[in-house]
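Undergrad: Dropping a structure here in structure tokens format, bear with me for questions.
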Amino acid sequence: MKKNKLNLLYKYSLVLIVIVSMIACKKNIFDKKDLQGVDPDIWNLESATNLYINKTYDLVMPNWPVPGAIHNTSDESNSALTTLLYGTLIDNSVTDIASNNTSSSNNQYFTIRRINLAISGIEDGSLPRDVKSKLKGQLYFFRAFMYFNLVKLYGGVPLVLKSQDINEDQLNVGRSKTSVCIDQICNDLDSCYGLPNSWPLSSEGGKITKLAALSLKGKVLMYWASPQFNPTAPSAAKWTRAYTACKVAYDSCIANGVDLIPVFSNIFIDETATNKERILWRTYDNITVNPGRGTNTENITRPVSETTSSAGSGSNQPTWNLVQAFVMKNGLPISDPTSGYNPVLFWANRDPRFDATIAYNGAVWPLSGKTGRKQWNYVGVGEDNANQSKTGFYCKKICNPSIPATAALYNSNSGGGSGMDWIEMRFAEVLLNLAECANAVGNLAESQTLVAKLRTRAGIDKGTNNYGLSVVTVPAKMDTLIWNERQVEFAMEGKRYDDLRRTRTFHLLTGKTRDGYKWTAKAPFTNAILEALTLGYKPRDTININNQASYTAAFTTATFPLDTTSPINFPTTYYFYALPTGFLTSSIAIEQTIGWPGGTFDPLQ
């Protein structure tokens, strides 16, 4: 059972009073009325200020990625926003900055304003300097994090860095250049100097650390150097700056005990102090005394037979595209003729992360603590037929096999659910960020050493090919390998969408489809025979799926397109989205993004 201070403080009444009073304000995007009811004396009390900041965690920290949401749409999952995937977005489709209804609940600048108010209030307050540093450091991180998420989508955005003047009604703030936004984000992260490298896990687990700030800065500068912002030619200066920041982050993590967790499959399951890989995460609980801090992610990911409702298998379904991305256990890609890949027994001798991530037909998956349980995915399989995976695969990674089906279900009124924390950033990402930057500045050997460390943890054999890395001799091929490594390492963690946009490779999927894989019982192995109880077991469980003759005698197989109405179509204009009308018209100083109707703002500057 998890119960920490950061979670419980969300409930306290002072926060609710503050929020209610804030919602009473005018709701124009750049509205500058005072945040009524926020007594300046709270900034003189560390406990009251912490309550305010804890609510900010709730507002800013990411949740579990939502299947089918726009920023979780890619070729790795069946769930997708088809308007993005099929190229039919309009200028009001991406409303992260603010929707047309510019109320506090869907306006990022409301939260930014809240952060700015706290920064200035704490600075003017009477708390000791070291206490102020810790409090403000968290707020600077939040502001940097919010602006970075906006810049990834739109390029430069209006920078508002102070709580607005109460005596003015309207603020005409234009979009700052993207370069200016990046510099300000980095300045904010540099201002996290007062944060500790770690907090007590039992009482304040999940709070922002200095290591999180250093890691995010490296990531920000890597994005700024990436092809999304440099489509015609790489910038050596940008990559050098990114490499320096990523190296500081990596070395600082190592020096303070942050490293890869030994067992890949435990990354999300192990929430104890032994999991040194977590850097930035949102805490969840399954306790009934705080039911509002739960997650139903596992319940909607498991197959129907291992849930308490038909919600199972409706989400987080890996595609055949993702299945093909995993290399072999010798580190070579399946396209390499010497890799040993068997297209029939495609799961055999793959990167061990494959078996920790993908549940295929006949795979051992001991859900609900059922030792030796096998997951069968053939067409019409009895126990899961009510809502079977549309791709032929299930996601193992974000399921805890030890909890029963009843424990996977979350109810906002009564609690429950797995209580699994969402990890926004882990050390593997810091490692791969550095590897990519090292390769970009000409340090191919360093890049390979870093990837070898990650592949060692994965369980890939070193062999004669140095974990499959010796065949990569030029930077361009190393980039491709690293991008594929990210796809595999972070599979089903919602990072594929950002990586495709950052590397400017999303549009290369145009004309292709996401595919599924279908198993059909073959005569005389009908479904009825496969599932008939004989001597207390089902005949299907006796099939040796690793024996090709036995496997092909029982099933016929085929791949099929999941995208039947249209292939993928990702226009290059989607690398920077349009500002929605409600935000665009809030000030005459705001320009639309080039490539969209009336657009004049260049997001590459």
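Undergrad: Which condition from (1) over 24 Å from Thr552 (Cα atoms); (2) touching a Ser or Thr at 6+ places or on another chain (Cβ under 6 Å); (3) surrounded by 15 or more Cβ atoms within 10 Å (Cβ to Cβ) is the one that Ala386 breaks?
TA: So Ala386 meets the others, but not (3).
Undergrad: Shifting gears a bit: Identify, by number, the condition in (1) in a helix (DSSP H, G or I); (2) buried (at least 17 other Cβ atoms within 10 Å of the Cβ) that Ile403 doesn't meet.
TA: Every listed condition holds for Ile403 apart from (1).
Yes or no, residue by residue, for (1) of a type in the set (Phe, Trp, Tyr); (2) part of a helix (DSSP H, G or I); (3) surrounded by fewer than 22 Cβ atoms within 10 Å (Cβ to Cβ); (4) modelled with pLDDT of 95 or more:
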| residue | (1), (2), (3), (4) |
| --- | --- |
| Ser470 | no, no, yes, no |
| Lys477 | no, yes, yes, yes |
| Gln487 | no, yes, yes, yes |
| Met492 | no, no, no, yes |
| Arg501 | no, yes, no, yes |
| Arg504 | no, no, yes, yes |
| Leu508 | no, yes, yes, yes |
| Gly511 | no, no, yes, yes |
| Lys518 | no, no, yes, yes |
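Undergrad: Moving on. Report yes if some residue within the stretch 236-257 is in a loop (DSSP other than H, G, I, E, B) and surrounded by 20 or more Cβ atoms within 10 Å (Cβ to Cβ); otherwise report no.
TA: Within the stretch 236-257, none of the residues are in a loop (DSSP other than H, G, I, E, B) and surrounded by 20 or more Cβ atoms within 10 Å (Cβ to Cβ).
Undergrad: Condition first: part of a loop (DSSP other than H, G, I, E, B), among the polar types (S, T, N, Q) and surrounded by fewer than 19 Cβ atoms within 10 Å (Cβ to Cβ). Now tell me which residues in the stretch 320-338 satisfy that.
TA: Ser335, Thr338
Undergrad: Hey, another quick one. Pairs please, first residue from the stretch 474-494 and on the phi > 0 side of the Ramachandran plot, second anywhere and basic (Lys, Arg) and surrounded by fewer than 19 Cβ atoms within 10 Å (Cβ to Cβ), Cβ atoms under 9 Å, 6+ apart in sequence or on different chains.
TA: Matching pairs, first to second residue: none at all.
Undergrad: Which one is surrounded by the fewest Cβ atoms within 10 Å (Cβ to Cβ), of the residues in the stretch 141-162 that are in contact (Cβ under 8 Å) with a residue 60 or more places away in the chain and over 19 Å from the mean Cα position of the chain (by Cα)?
TA: Result: Val160.
Undergrad: Could you list, in sequence order, the residues of the stretch 201-232 that are modelled with pLDDT under 95 and surrounded by fewer than 20 Cβ atoms within 10 Å (Cβ to Cβ)?
TA: Within the stretch 201-232, Leu201, Ser202, Ser203, Glu204 meet the criteria.
Undergrad: Quick check on Thr95: is it surrounded by 17 or more Cβ atoms within 10 Å (Cβ to Cβ), of a type in the set (S, T, N, Q) and either over 23 Å from Tyr577 (Cβ atoms) or at pLDDT 95 or above (or both)?
TA: Answer is no for this residue.
Undergrad: Are any residues in the stretch 293-319 in contact with a Lys or Arg (Cβ under 8 Å, 6 or more places away or on another chain) and either surrounded by fewer than 23 Cβ atoms within 10 Å (Cβ to Cβ) or modelled with pLDDT of 90 or more (or both), and if so, which ones?
TA: Correct list: Gln317, Thr319.
Undergrad: Taking the stretch 225-271 only, how many residues are touching a Gly at 6+ places or on another chain (Cβ under 9 Å) and within 30 Å of Asn400 (Cα to Cα)?
TA: 3
Undergrad: Considering each of Phe601, Phe570, Phe560 in turn, give the residue that is surrounded by fewer than 16 Cβ atoms within 10 Å (Cβ to Cβ) and within 32 Å of the chain's Cα centre (by Cα). Quick ask: steps written out before the conclusion?
TA: On the way: Phe601 fails: surrounded by fewer than 16 Cβ atoms within 10 Å (Cβ to Cβ); Phe570 fails: surrounded by fewer than 16 Cβ atoms within 10 Å (Cβ to Cβ).
Among Phe601, Phe570, Phe560, only Phe560 is surrounded by fewer than 16 Cβ atoms within 10 Å (Cβ to Cβ) and within 32 Å of the chain's Cα centre (by Cα).
Undergrad: I'd like the full set of residues that are charged (D, E, K, R) and closer than 11 Å to Thr49 by Cβ, limited to the stretch 118-133. Step through it out loud before you land on a result.
TA: At the first step, the residues of the stretch 118-133 found to be charged (D, E, K, R) are 123-124, 129-130, 132.
Hit for the stretch 118-133 is Lys132, nothing else.
Undergrad: Failed condition for Leu444, given (1) more than 30 Å from Ala242 (Cα to Cα); (2) without any contact (Cβ under 8 Å) to a residue 60 or more places away in the chain, with all others met?
TA: That leaves (1) as the condition not met.
This table checks each residue for (1) in a helix (DSSP H, G or I); (2) not small (Gly, Ala, Ser).
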residue: Lys134; (1), (2): yes, yes
residue: Ala144; (1), (2): yes, no
residue: Val157; (1), (2): no, yes
residue: Thr232; (1), (2): no, yes
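Undergrad: Moving on to the next point. May I ask you to verify whether Leu189 is modelled with pLDDT of 95 or more and either part of a loop (DSSP other than H, G, I, E, B) or within 27 Å of Cys437 (Cβ to Cβ) (or both)?
TA: Considered against the rule, which asks whether it is modelled with pLDDT of 95 or more and either part of a loop (DSSP other than H, G, I, E, B) or within 27 Å of Cys437 (Cβ to Cβ) (or both), Leu189 comes out as yes.
Undergrad: From the set of residues in the stretch 357-394 that are closer than 19 Å to Thr520 by Cβ and of a type in the set (Ser, Thr, Tyr), which is nearest to the chain's Cα centre (by Cα)?
TA: Tyr394
Undergrad: While we're on this one: So which of Leu481, Leu469, Leu500 ends up being under 24 Å from Trp64 (Cβ atoms) and aliphatic (A, V, I, L, M)?
TA: Checking each option against the conditions leaves just Leu500.
Undergrad: With the checklist (1) farther than 30 Å from Phe506 by Cβ; (2) in contact (Cβ under 8 Å) with a residue 12 or more places away in the chain; (3) surrounded by fewer than 19 Cβ atoms within 10 Å (Cβ to Cβ) in hand, flag the one item Thr456 doesn't pass.
TA: Unmet for Thr456, out of (1) farther than 30 Å from Phe506 by Cβ; (2) in contact (Cβ under 8 Å) with a residue 12 or more places away in the chain; (3) surrounded by fewer than 19 Cβ atoms within 10 Å (Cβ to Cβ): (2).
Undergrad: Select from the stretch 577-590 the residues that are touching a Lys or Arg at 6+ places or on another chain (Cβ under 9 Å) and surrounded by 17 or more Cβ atoms within 10 Å (Cβ to Cβ) and list them in ascending order.
TA: Hits for the stretch 577-590 are Leu579, Ile590.
Undergrad: Quickly run through the stretch 366-383 and pick out the residues that are surrounded by fewer than 14 Cβ atoms within 10 Å (Cβ to Cβ) and among the charged types (D, E, K, R).
TA: Lys370, Glu383
The values are calculated or read from the model by the stated rules, or taken from the named source; none is laboratory data. It should be emphasised that the depicted structure is a prediction, and the values quoted were computed from it without experimental measurement. All Cβ positions, even for glycine, are placed from backbone atoms using ideal geometry, and neighbour counts span all protein chains on display.
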